1. How about region 9-33: which of its residues are on the phi > 0 side of the Ramachandran plot and either basic (Lys, Arg) or in contact with a helix residue (DSSP H, G or I) (Cβ under 7 Å, 6 or more places away or on another chain) (or both)?
2. Looking at (1) modelled with pLDDT of 90 or more; (2) in the same structural domain as residue 134 (by TED's automatic domain parsing); (3) not charged (D, E, K, R), which is the only condition residue 261 fails?
3. Output the residues belonging to region 173-190 that are modelled with pLDDT of 90 or more and either in a helix (DSSP H, G or I) or not aliphatic (A, V, I, L, M) (or both).
4. Of 309, 274, 295, which residue is closer than 29 Å to residue 187 by Cβ, at pLDDT 90 or above and not assigned by TED's automatic domain parsing to the domain that holds residue 43?
5. Restricting to region 117-172, what's the tally of residues that are out of contact with any helix residue (DSSP H, G or I) (no Cβ under 6 Å at 6 or more places or on another chain), of a type in the set (Val, Ile, Thr) and either at pLDDT 90 or above or not assigned by TED's automatic domain parsing to the domain that holds residue 32 (or both)?
6. Go through (1) free of Cβ contacts under 8 Å to residues at least 40 places away in the same chain; (2) of a type in the set (Gly, Ala, Ser); (3) touching a Phe, Trp or Tyr at 6+ places or on another chain (Cβ under 9 Å) for residue 77 and report which single condition fails.
7. Among the residues of region 141-194, how many are charged (D, E, K, R) and touching a Lys or Arg at 6+ places or on another chain (Cβ under 6 Å)?
Amino acid sequence: MIEASGLTKRYGKTLAVNDLSFSVAPGKVTGFLGPNGAGKSTTMRMILGLDNPTSGTVRIDGRRYQELKHPLRKIGALLDAKWVHPNRSARAHLKWMAVSNKIPVSRVDEVLDAVGLTSVAGKRAGGFSLGMSQRLGIAGALLGDPEVLLFDEPVNGLDPEGILWIRQFMHRLADEGRTVFVSSHLLSEMALTASELVVIGKGQLIAQSSTKEFVARATEVTVKVRSPQLDQLRVVLQHASATITDEDGGIEVSGMDSDRIGELAAANGIVLHELSPRTGSLEQAFMQMTGDAVEYHTELEAEARHVLEPTR
């Protein structure tokens, strides 16, 4: 488990992280979301002891990173896929990491195979594509068979097959009871990967909840309805104070759930051909919840935000 309490980081006059508290539990993939400049990378660096907090604490299973004797056995991380020495081979890089933490060297070939790099293990890391470098970084994170894993933008540079692989891989790690904390700007992918979310803006916590709860709280649920008696149904729903929007082949209803619509239709002898609840997307919820926490807006971003925000 990762526990941050009152975490604050200042760089001169800049307040990068401001009294941030959250926890990341094992057995789930937890997404770490926020606009650019929200403080995500700084927070991850403080978790790993790369930056010291100005105040507050962050602990991994009750201990600070600096207190871990062999840290790679407790927590594995991928923050920068290109930090590897370019003239080292993938195998040599991982072997060096293994020796530094007294990890059996046999583990090197195991993680290379796990991430699909066995065939290029002897090649220089400097010649790797970004996708291959991401896989090597993931192999390094897995090297000590840790209980806690941190990934910062792990799908950058991966093709669709690679993105599917890392999504399934993270689910498998969580199913094994590990703590998996992942930051990404690909919200559509996070919606499929993360069951829990920690969302921050301007260094402060905006929300911590399940992904489903976050989307439901920030976006309006509507219901698509099709019926051969649409005109009659429209009158019934409007009389019950529902808001109706015409849609190709049917109507979209807001302000009323599907159960109530079905009950009203049945009570009035109206046949339904479709009754489909529609929840908002993670992208819509994110834009809605973080709108006030974005440092800089372009005109195009402002227009996109207006389009994505649900009508109230």
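1. 27
2. For residue 261, the exception is condition (2).
3. Just the residues of region 173-190 that are modelled with pLDDT of 90 or more, to begin with: 173-183.
Passing the criteria: 173, 174, 175, 176, 177, 178, 179, 181, 183.
4. Exactly one of 309, 274, 295 is closer than 29 Å to residue 187 by Cβ, at pLDDT 90 or above and not assigned by TED's automatic domain parsing to the domain that holds residue 43, namely 274.
5. Residues in region 117-172 being out of contact with any helix residue (DSSP H, G or I) (no Cβ under 6 Å at 6 or more places or on another chain), of a type in the set (Val, Ile, Thr) and either at pLDDT 90 or above or not assigned by TED's automatic domain parsing to the domain that holds residue 32 (or both): 3 in total.
6. Checking residue 77 against (1) free of Cβ contacts under 8 Å to residues at least 40 places away in the same chain; (2) of a type in the set (Gly, Ala, Ser); (3) touching a Phe, Trp or Tyr at 6+ places or on another chain (Cβ under 9 Å), the one that fails is (1).
7. Of the residues in that region, 1 qualify.
Here is a yes/no grid of residues against (1) under 27 Å from residue 211 (Cα atoms); (2) among the hydroxyl-bearing types (Ser, Thr, Tyr); (3) buried (at least 17 other Cβ atoms within 10 Å of the Cβ):
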| residue | (1), (2), (3) |
| --- | --- |
| 24 | yes, no, yes |
| 30 | yes, yes, yes |
| 35 | yes, no, yes |
| 38 | yes, no, yes |
| 43 | yes, yes, yes |
| 54 | no, yes, no |
| 59 | yes, no, no |
| 65 | no, yes, yes |
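The values are calculated or read from the model by the stated rules, or taken from the named source; none is laboratory data. Treat the numbers as computed from the prediction; the structure is a model and nothing was measured. Don't worry about glycine lacking a Cβ; one is built from the backbone with ideal geometry, like all the others, and counts go over all protein chains shown.
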